[in-house]
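Single-structure report; data block below.
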Amino acid sequence: MASLYERLKREEAAVSATVAALHEDLGTIHQRIAAAEERLSVLALTRETLDSLPPDDAKEPGGPDAPADEPDVQGVGEPYAASEATLEDPEPAFSSVGPTSWEEGRRRMLSVLATAGKAMRARHVAAAIGEDVSTPARVETTRGRLKRLVDEGHVVEGPTGWFAIASANAARAAGEGAAGEG
């Protein structure tokens, strides 16, 4: 017959293993919650952007009336041969009286790319967020900000110079990679 101390030791080991497994499951649950909350915030931002559009703008991005010479989101990463001179600047989705702050520019860029349904050049993103594209410095600032969003995993670049919103999985993977670096 096992002594009470031996039985106690076995029971402690079993409960300790259970606690460790529960902590591991809890970490996975926290990651899944964070990913779902981030996706929810992107959807809310997209809804806010769509709500801000004028009612006569009923054309769906990437629909049958979309220009054929710009790649769509699924085309990101494929070679692109058209010249930028054939593309027109979009109507600004946001009005601006001057350069935007990083946070406001970030919000606007993500909103524009999330609703565009296709990859866009930095110049076109700059025009859509209300930057003065006649000033090359504003276009370059937008390009730098887009590159920063690429590094954060919120935006993808491909082919070179074309930016599109990243999928939720890509953004989540980039966030997990950044969390593991620290």
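Among Ile33, Ile129, sorting on how many other beta-carbon atoms sit within 10 Å of each Cβ, with the fewest leading, yields Ile33, Ile129. Note on Ala21 and Asp151: their simple-model spin labels are 4.3 nm apart, each label 7 Å out from Cα toward Cβ. The ranking of Asp51, Asp132 by Cβ neighbour count inside 10 Å, starting from the fewest, reads Asp51, Asp132.
Here the Karplus relation 6.51 cos²θ - 1.76 cosθ + 1.60, evaluated at θ = phi - 60°, turns the backbone of region 126-138 into coupling constants of 4, 5, 5, 8, x, 7, 7, 6, 6, 9, x, 4, 5 Hz, with x for every Gly and Pro. Look at Trp102, Trp162 and count the other Cβ atoms within 10 Å of each Cβ; fewest to most, that gives Trp102, Trp162.
Every number in this text was worked out from the coordinates using simple rules, so none of it is lab data. Quantities reported herein were computed from a predicted structural model and do not represent experimental measurements. In this analysis, Cβ positions are derived from the backbone assuming ideal geometry, glycine residues included, and neighbour counts consider all displayed protein chains.
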